[in-house]
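The values are calculated or read from the model by the stated rules, or taken from the named source; none is laboratory data. Just so it is clear, the model here is predicted, and its values are computed rather than measured. Counting neighbours? That spans all protein chains shown, and the Cβs are built from the backbone with ideal geometry, glycine included. All accessible areas refer to the heavy atoms of the entire protein, side chains included, with ligands and DNA or RNA removed. Shrake-Rupley method; radii C 1.70, N 1.55, O 1.52, S 1.80 Å.
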Amino acid sequence: MSKAHVRGLELAYEDVGEGVPVVLLHGFPFNRSLWREQVAALKASHRVITPDLRGFGETTATSEPATMEMMAEDVAALLDELKLERVVLGSLSMGGYVALAFYRLFPARVRALMLADTRPQADTAEARANRETLAQRALNEGMQPIADAMLPKLLTPATHKEQPEIVARVREMIMTTSPVGAAAALRGMAVRRDQTDLLPEINVPTLIIVGSEDAITPPQEAELMHRAIRGSLLKVIAGAGHCANLERADEFNRVLTNR
Ligand code: MLT
């Protein structure tokens, strides 16, 4: 693990392998370890950089709303530190919100996009209110209420039954997240802009992946992005939920490495 001092943060990241640089942005409320299997699959042929986004893993948490643009600027500052001008930008869920914000801010820095289990739209009023409730509960009670609220939706019922090690791993990522960082990201996601109008502007190769059973960002969202992003490729991973890269790691990796 390395740390970059950027934008007032200690930003933790891993940087392994050689070749075309790929940056993978994790979802909420996870950390860079979400990508362990993808790093293992890609590092023989690519340089793979996995940051802990602001407030997650071993990166500093800040208390103001952590907007998707702030996180995108953090990633750009890390790339500056690493002297990387253009990268393949991969993402899952909240990471996808950040990836779209990054593309809007820095389109010339993106060689290709991977958007997994994510959506382009802003929150509804109801979703915003739920996020504020969860943010307050995280600050007052810690991460347990977030784990309880999210775990049933993050993984499929079959994963809950048949892959207890994945359930334990996701719970562990949630429970070790800083409540301050989680609350800041919840408030940042709540105010994120609608990126639907950006999609027709995207002119880099784009791979969209979704679990067929994703209960948080269902396949309709992926189809919408696929229709709007010219030349994009859509892969639906049968039987996977919102954490498709964990629940069906081998298939996800085959899609990623085009094998
Ligand atoms: C995520 O997995 O990053 C979150 O579920 C996204 C969200 O809450 O909108």
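Scan segment 1-56 for residues that are in contact (Cβ under 8 Å) with a residue 12 or more places away in the chain, under 23 Å from ALA168 (Cβ atoms), more than 15 Å from the ligand (Cβ to nearest atom) and out of contact with any strand residue (DSSP E or B) (no Cβ under 7 Å at 6 or more places or on another chain) and the total you get is 2.
Filtering segment 190-219 to residues that are part of a helix (DSSP H, G or I), under 29 Å from ALA149 (Cβ atoms) and away from the ligand (no atom under 15 Å from the Cβ) leaves THR196, PRO219. ARG192 meets the stated requirement of being touching a residue at least 60 places away in the same chain (Cβ under 8 Å) and open to solvent by less than 50 Å² (accessible area, probe 1.4 Å).
Considering segment 76-98, and only residues there that are more than 16 Å from the ligand (Cβ to nearest atom) and assigned to a strand (DSSP E or B), the residue that is most open to solvent (accessible area, probe 1.4 Å) turns out to be VAL88. Anything in segment 220-232 that is surrounded by 17 or more Cβ atoms within 10 Å (Cβ to Cβ) and out of contact with any helix residue (DSSP H, G or I) (no Cβ under 9 Å at 6 or more places or on another chain)? List them, or say none. Correct list: GLU221, ALA222, HIS226. The condition of being within 20 Å of the chain's Cα centre (by Cα), within 15 Å of the ligand (Cβ to nearest atom) and surrounded by fewer than 16 Cβ atoms within 10 Å (Cβ to Cβ) holds for only one of ALA101, ALA147, ALA127, ALA122, that being ALA127. Failed condition for THR62, given (1) out of contact with any Phe, Trp or Tyr (no Cβ under 8 Å at 6 or more places or on another chain); (2) in a helix (DSSP H, G or I); (3) away from the ligand (no atom under 13 Å from the Cβ); (4) not small (Gly, Ala, Ser), with all others met? It is condition (2) that THR62 fails.
Determine if segment 112-119 includes at least one residue that is under 30 Å from GLY239 (Cβ atoms) and either in a helix (DSSP H, G or I) or basic (Lys, Arg) (or both). Yes, there is a match, as at least one residue in segment 112-119 is under 30 Å from GLY239 (Cβ atoms) and either in a helix (DSSP H, G or I) or basic (Lys, Arg) (or both). Here LYS235 passes the criteria (1) under 12 Å from PRO120 (Cα atoms); (2) open to solvent by 10 Å² or more (accessible area, probe 1.4 Å) except the one numbered (1).
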